[in-house]
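Undergrad: Dropping the structure in here first, questions after.
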Amino acid sequence: MPKIPTPLKDIEIKNMKPKEKVYKKSDGKGLYIFIQPNGRKYFALEYKSPLDQKIKRVNLGDYPKLSLKKS
């Protein structure tokens, strides 16, 4: 049975520090936050293409311009 990730919170994303390599944290159902070594954070959706069965990624926007906070 797959592990269900806990939804990310805005404070968690603010506190994520860059590492030597790009890493990602899941919010569930294909939504990820990517953290690059230069400190850039961005949201992306990852899915498996039904045509070629490869993982595809759609960038949604940079954090904090796009955030999890409700207005």
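Taken together, the values in this text are just the output of simple stated rules run on the coordinates, not laboratory data. Not measured: the values here are computed from a predicted model. Positions of Cβ are generated from backbone atoms using ideal geometry, with glycine treated the same way; all protein chains shown enter the neighbour counts.
Undergrad: Quick one: what are the phi-derived ³J(HN,Hα) couplings along region 21-36, Karplus 6.51/-1.76/1.60 with θ = phi - 60°, whole Hz, x for glycine and proline?
TA: So the Karplus estimates, Gly and Pro as x, are 10, 5, 9, 9, 10, 8, 9, x, 6, x, 8, 10, 10, 9, 10, 8 Hz.
Undergrad: With charges only on Cβ, +1 for K and R and -1 for D and E, what is the dipole size of the chain about its Cα centre, in debye, rounded to 20?
TA: Working: 18 positive and 7 negative charges, 18 e Å.
Approximately 80 debye in magnitude.
Undergrad: In a shell of Cβ-Cβ distance under 13 Å around Ser49, excluding Ser49 itself, what net charge do Lys and Arg (+1) and Asp and Glu (-1) give?
TA: On the way: positive: Lys48, Lys54, Lys56, Arg57; negative: Glu46, Asp52.
Residues near Ser49 contribute +2 overall.
Undergrad: Something else: Neighbouring Cβ atoms within 10 Å as the yardstick, rank Ile13, Ile35, Ile4 fewest first.
TA: On the way: Ile13 18, Ile35 21, Ile4 9.
Ordered by Cβ neighbours within 10 Å, fewest first: Ile4, Ile13, Ile35.
Undergrad: By the scheme Lys and Arg +1, Asp and Glu -1, what is the net charge of all other residues having a beta-carbon under 15 Å from that of Val58? Each step should come with its number before you reach the end.
TA: On the way: positive: Lys24, Lys29, Lys48, Lys54, Lys56, Arg57; negative: Asp27, Glu46, Asp62.
Spelling it out: positives minus negatives among the neighbours equals +3.
Undergrad: Any chance you could run the full-extension gain for Glu20 through Lys54? It's 0.36 nm times the residue separation minus the Cα-Cα distance, nm to one decimal. Don't skip to the answer; put the middle values down first.
TA: On the way: separation 34, 0.36 × 34 = 12.24 nm, distance 2.59 nm.
Gain on extension, Glu20 to Lys54, equals 9.6 nm.
Undergrad: What are the ³J(HN,Hα) couplings of region 40-57, residue after residue, when phi is run through the Karplus curve with 6.51, -1.76, 1.60 and θ = phi - 60°? Round to Hz, x for glycine and proline.
TA: 5, 10, 8, 8, 8, 9, 10, 8, 8, 5, x, 7, 10, 6, 9, 6, 10, 10
Undergrad: Given a cut-off of under 8 Å on Cα pairs at least six residues apart, what relative contact order in percent is computed for the chain? Could you put the intermediate results ahead of the total?
TA: Numbers: 105 pairs, mean separation 16.1, N = 71.
Answer for the chain is 23 percent.
Undergrad: Any chance you could get the radius of gyration and Dmax over the Cα atoms of region 10-62, in Å?
TA: Radius of gyration, then largest Cα-Cα span, for region 10-62: 12.1, 38 Å.
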